[in-house]
Structures are given as C-alpha cells and as structure tokens.
1. If each residue of separation counts as 0.36 nm, what is the full-extension length gain between residue 4 and residue 149 once their alpha-carbon separation is subtracted?
2. Quick one: order 184, 177 by neighbouring beta-carbon count within 10 Å, fewest to most.
3. Counting other C-beta atoms within 10 Å, which of 171, 70 has the fewest, and how do the rest follow?
4. By how many nm would the segment from residue 135 to residue 197 lengthen if fully extended, with 0.36 nm per residue of separation less the alpha-carbon distance?
5. Just the number: Rg to Rh for the range 1-92, Cα atoms, Kirkwood Rh, two decimals.
6. Once the piece of chain linking residue 35 and residue 78 is laid out straight, how much longer is it, given 0.36 nm per residue of separation minus the C-alpha distance between them?
7. Within 10 Å, count the other beta carbons around each residue, average over each peptide in 191-199, 53-61, 145-153, and list them highest first.
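Values quoted throughout were computed directly from the atomic coordinates according to the rules given, and no laboratory measurement underlies them. Predicted model, so just to flag it, every value in this text is computed and none were measured. Every residue, glycine among them, receives a Cβ derived from its backbone with ideal geometry; neighbour counts consider all protein chains shown.
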C-alpha cells in the first residue's frame with residue numbers, strides 16, 4: 001500500500017488538478033454541462049493514454065533512442081513553455097465562431113500541462129522504482145486514481161465559474177494561466193538542463 005500511496009501523491013502533485021481545473025474552466029467557458037463533461041472526459045482519456053504509455057514503455061523508448069530522462073525533461077519543458085507563451089499572447093482565446101475545431105484545440109494546453117515532461121519523467125521514474133514484474137501495476141493504478149480526482153476537480157471548478165469567464169475576465173484568466181504554464185515549462189527545462197550537465 002505504501003507504493004500506491006507514494007505513486008498517487010506524486011502524480012497528483014505533478015498533474016496539479018487545481019491548475020488543470022482553472023485551465024479547463026477557461027477552455028470550456030460558456031459550454032453546456034454535457035459538453036463540459038464530454039470535454040473533461042476526452043482530455044482525461046488523452047492524458048491517461050500518454051501517462052500509461054510512459055509507464056509501460058517510456059523508459060524502454062528513451063533507452064532505444066539513447067535519450068536520457070534529463071534531456072527529455074529539458075526539451076519537453078521548452079515545448080510546454082512555448083504553449084504557455086501562445087496562451088500569454090492570447091492565441092488560445094476562444095472565439096464565438098470557431099465551433100468544434102476550437103474545442104479540440106483549446107484542450108491542448110491542458111493536456112500538455114497535465115502530461116508535461118515533469119509528469120512523464122515522474123511516471124517513468126516511479127515505474128522503474130516500483131516495477132517488480134513486467135507491468136507497472138502500482139503506477140497505472142496511481143495514474144488512474146490521480147486522473148479521476150483531476151476529472152472531478154475540472155468539472156467542479158468549471159461548474160463553479162459557470163459562464164462568468166467572458167470578455168476581459170476571460171482574457172485576463174487565459175493570460176494568467178499562460179504565464180503559469182510558461183513558468184512551469186521553464187522550470188522543467190532548467191531542472192533538466194541542470195541535472196544533465198551535473199551528470
């Protein structure tokens with residue numbers, strides 16, 4: 001049970017359900033509840049697929065290409081920082097006529113934040129540390145529990161904000177969350193670079 005608790009706490013801290021909730025509320029602003037549930041489920045399943053793949057085959061894949069965890073975290077952090085920069089510029093701001101194509105695009109920052117290089121690195125590290133068999137069961141269960149909590153938090157935060165995030169308030173929130181994602185990406189990248197050069 002200790003490994004399960006460690007895994008759940010670690011993944012929850014890396015995914016950060018509350019920031020995911022704020023990102024989701026910004027992306028799902030003005031949508032009916034059914035559409036919000038569908039969007040939250042779609043985002044959660046995408047994140048689950050990425051993290052499950054990382055748990056099962058991430059270490060092997062990086063080893064195959066000769067990529068260290070530190071280098072992966074540094075490069076992935078730059079990708080996350082770029083997404084935050086686009087949000088900060090307002091490129092992710094919803095428009096009234098973008099329809100379904102925007103719905104998919106607006107979830108991208110959320111998915112990249114939750115399944116960030118830091119989260120993937122953490123999942124791979126836990127998988128290596130916890131795996132006594134071929135299948136990292138403890139890590140997969142931890143991912144499932146953490147994402148179930150995240151899914152619930154996203155819907156609660158989105159429902160509590162309702163349709164308030166419109167106009168100026170929506171833009172301010174979008175840019176603030178973009179700044180957080182940008183800062184997190186830079187932190188992941190710099191941490192990876194520091195560890196890479198220290199090795």
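1. Gain on stretching residue 4 to residue 149: 50.7 nm.
2. 184, 177
3. Starting with the residue having the fewest Cβ neighbours, the order is 171, 70.
4. 19.1 nm
5. For the range 1-92, the value is 1.02.
6. 12.4 nm
7. Result, highest mean first: 145-153, 53-61, 191-199.
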